[in-house]
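For reference, the structure discussed in these notes is given below.
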Amino acid sequence: MTPELDIVIPVYNEGRNIVPVLAGLSRAVATPARVLICYDDEHDDTLPAIRAAPQAYAGLPVELVRNASRGAHAAVMTGFARSSAPFVLMFPADDHVNAPMLDRMVALARGGCDIVCASRFMPGGAMVGCPWLKAALVRSANFTLRHLARLPTTDASNGFRLFSRRTIERIPIESREGFCYSIEFLVKAHRLRWRIAEVPVTWIERADGRSRFQVLRWLPAYLRWYRYAFATTFLRRPPRSVALKEPGG
């Protein structure tokens with residue numbers, strides 16, 4: 001069956017997490033889907049864990065995709081380049097609770113939304129166990145982006161997000177750090193006046209493995225798109241000021 005949804009999962013030694021996550025996706029997602037596991041090198045302990053337990057995610061196509069470079073950003077971009085489904089979603093490798101929301105996200109995309117955000121801060125969402133510095137930065141940034149820059153989401157910084165094929169193919173990504181691509185897609189789509197929606201999710205601080213989220217290192221890159229969001233609202237730039245890729249280009 002041709003997948004309607006490609007689920008891109010960047011991994012870095014997620015051997016303890018990945019099989020339960022794939023099992024959860026297999027059980028919860030009714031949309032025809034494929035998982036693209038994007039890894040840096042063959043020594044990553046995620047790979048033997050996946051190969052040792054195919055019965056845990058039976059019926060869910062899983063492909064291993066070698067990162068074209070190294071790091072979180074390159075892994076996601078490699079997965080997006082490999083994807084071919086109408087909808088593409090970045091899913092965290094340690095997320096054991098939110099698989100049931102994916103069909104709802106796809107339904108919104110089928111209805112015409114180019115981006116569907118997973119929100120920790122809308123009614124029904126939650127952020128649990130987050131370190132205080134990261135929590136303070138994330139909450140304050142998202143509050144101002146929603147209420148001052150008027151982005152149509154309560155969680156602009158979450159990398160867990162669904163994108164339409166049009167978004168992936170027509171909005172060029174300039175970011176090179178971490179998960180900054182996600183807010184870049186969001187603010188550029190907003191400037192183009194494309195439709196954006198959100199669904200509530202629960203984010204729980206990871207218990208196993210090392211997170212790739214490096215808040216202080218990536219902060220300057222995030223600030224660039226934070227300013228871009230405000231410019232869109234207050235400078236009233238025309239929507240076509242975003243340079244789109246030519247179809248097929």
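Kindly indicate whether ARG217 is farther than 20 Å from ALA141 by Cβ, part of a helix (DSSP H, G or I) and modelled with pLDDT under 90. Explain how you work it out, then say what you get.
Numbers: farther than 20 Å from ALA141 by Cβ: no; part of a helix (DSSP H, G or I): yes; modelled with pLDDT under 90: yes.
Considered against the rule, which asks whether it is farther than 20 Å from ALA141 by Cβ, part of a helix (DSSP H, G or I) and modelled with pLDDT under 90, ARG217 comes out as no.
For the structure I just gave you, tell me whether GLU14 is of a type in the set (Asp, Glu), out of contact with any Phe, Trp or Tyr (no Cβ under 7 Å at 6 or more places or on another chain) and buried (at least 18 other Cβ atoms within 10 Å of the Cβ).
Yes: the conditions hold for GLU14.
Does LEU64 fit the bill of being under 22 Å from VAL201 (Cβ atoms), out of contact with any His (no Cβ under 8 Å at 6 or more places or on another chain) and of a type in the set (A, V, I, L, M, F, W, C)? If you could, list the steps in order and put the result at the bottom.
Details: under 22 Å from VAL201 (Cβ atoms): no; out of contact with any His (no Cβ under 8 Å at 6 or more places or on another chain): yes; of a type in the set (A, V, I, L, M, F, W, C): yes.
Spelling it out, it is not the case that LEU64 is under 22 Å from VAL201 (Cβ atoms), out of contact with any His (no Cβ under 8 Å at 6 or more places or on another chain) and of a type in the set (A, V, I, L, M, F, W, C).
Note on segment 120-156: residues that are touching a residue at least 24 places away in the same chain (Cβ under 8 Å), out of contact with any Lys or Arg (no Cβ under 8 Å at 6 or more places or on another chain), over 17 Å from GLU184 (Cα atoms) and of a type outside the set (Val, Ile, Thr) amount to 12.
When ASP94, ASP103 are checked against the criterion of being farther than 19 Å from ILE183 by Cβ and in contact with a Gly (Cβ under 7 Å, 6 or more places away or on another chain), ASP94 stands alone in meeting it. Within segment 22-33, no residue that is on the phi < 0 side of the Ramachandran plot sits with its Cβ atom under 7 Å from a residue that is in a strand (DSSP E or B) and aromatic (Phe, Trp, Tyr) at 6+ positions apart or across chains.
Being without any contact (Cβ under 8 Å) to a residue 24 or more places away in the chain and either part of a helix (DSSP H, G or I) or within 18 Å of the chain's Cα centre (by Cα) (or both) narrows it down to one of ALA74, ALA93, ALA85, so name that one. Reasoning before the result, please.
Working: ALA93 fails: without any contact (Cβ under 8 Å) to a residue 24 or more places away in the chain; ALA85 fails: without any contact (Cβ under 8 Å) to a residue 24 or more places away in the chain.
Checking each option against the conditions leaves just ALA74.
Residues that are closer than 19 Å to LEU223 by Cα, among the β-branched types (Val, Ile, Thr) and not in a strand (DSSP E or B) do occur in segment 116-139, at least one of them.
Identify all residues within segment 96-115 that are surrounded by fewer than 17 Cβ atoms within 10 Å (Cβ to Cβ), part of a loop (DSSP other than H, G, I, E, B) and either out of contact with any strand residue (DSSP E or B) (no Cβ under 7 Å at 6 or more places or on another chain) or acidic (Asp, Glu) (or both); write none if there are none. Before the answer, list the steps.
First, pick out the residues of segment 96-115 that are surrounded by fewer than 17 Cβ atoms within 10 Å (Cβ to Cβ): 96-97, 100, 103-104, 107, 110-112.
The next check asks that each one be part of a loop (DSSP other than H, G, I, E, B); those that pass are 96-97, 111-112.
HIS96, GLY111, GLY112 - these are the residues of segment 96-115 that are surrounded by fewer than 17 Cβ atoms within 10 Å (Cβ to Cβ), part of a loop (DSSP other than H, G, I, E, B) and either out of contact with any strand residue (DSSP E or B) (no Cβ under 7 Å at 6 or more places or on another chain) or acidic (Asp, Glu) (or both).
Out of curiosity, is ALA56 over 9 Å from PRO10 (Cβ atoms), assigned to a helix (DSSP H, G or I) and touching a helix residue (DSSP H, G or I) at 6+ places or on another chain (Cβ under 8 Å)? So that I can check it myself, show each step before the final result.
On the way: over 9 Å from PRO10 (Cβ atoms): yes; assigned to a helix (DSSP H, G or I): yes; touching a helix residue (DSSP H, G or I) at 6+ places or on another chain (Cβ under 8 Å): yes.
So ALA56 fits the description; yes.
Being basic (Lys, Arg) and modelled with pLDDT of 95 or more narrows it down to one residue among ARG206, ARG191, ARG165; which is it?
From the options ARG206, ARG191, ARG165, the qualifying one is ARG165.
Only one residue in ALA68, ALA81 is surrounded by fewer than 18 Cβ atoms within 10 Å (Cβ to Cβ) and at pLDDT below 95. Which one? Before you say what the answer is, go through the steps one by one.
Details: ALA81 fails: at pLDDT below 95.
Every option except ALA68 fails the conditions.
Working only within segment 1-51, note down all residues that are assigned to a helix (DSSP H, G or I), closer than 21 Å to PHE80 by Cβ and either at pLDDT below 95 or among the β-branched types (Val, Ile, Thr) (or both).
In the first step, residues of segment 1-51 are kept if they are assigned to a helix (DSSP H, G or I); the result is 18-28, 46-51.
If we keep only those that are closer than 21 Å to PHE80 by Cβ as well, we get 18, 21-22, 25, 46-47, 50.
Within segment 1-51, ILE18, VAL21, THR46, ILE50 meet the criteria.
The values are calculated or read from the model by the stated rules, or taken from the named source; none is laboratory data. Quick caveat: nothing in here was measured; it's all calculated off a predicted structure. Please note: Cβ atoms are built from the backbone with ideal geometry, for glycine as well, and neighbour counts cover all protein chains shown.
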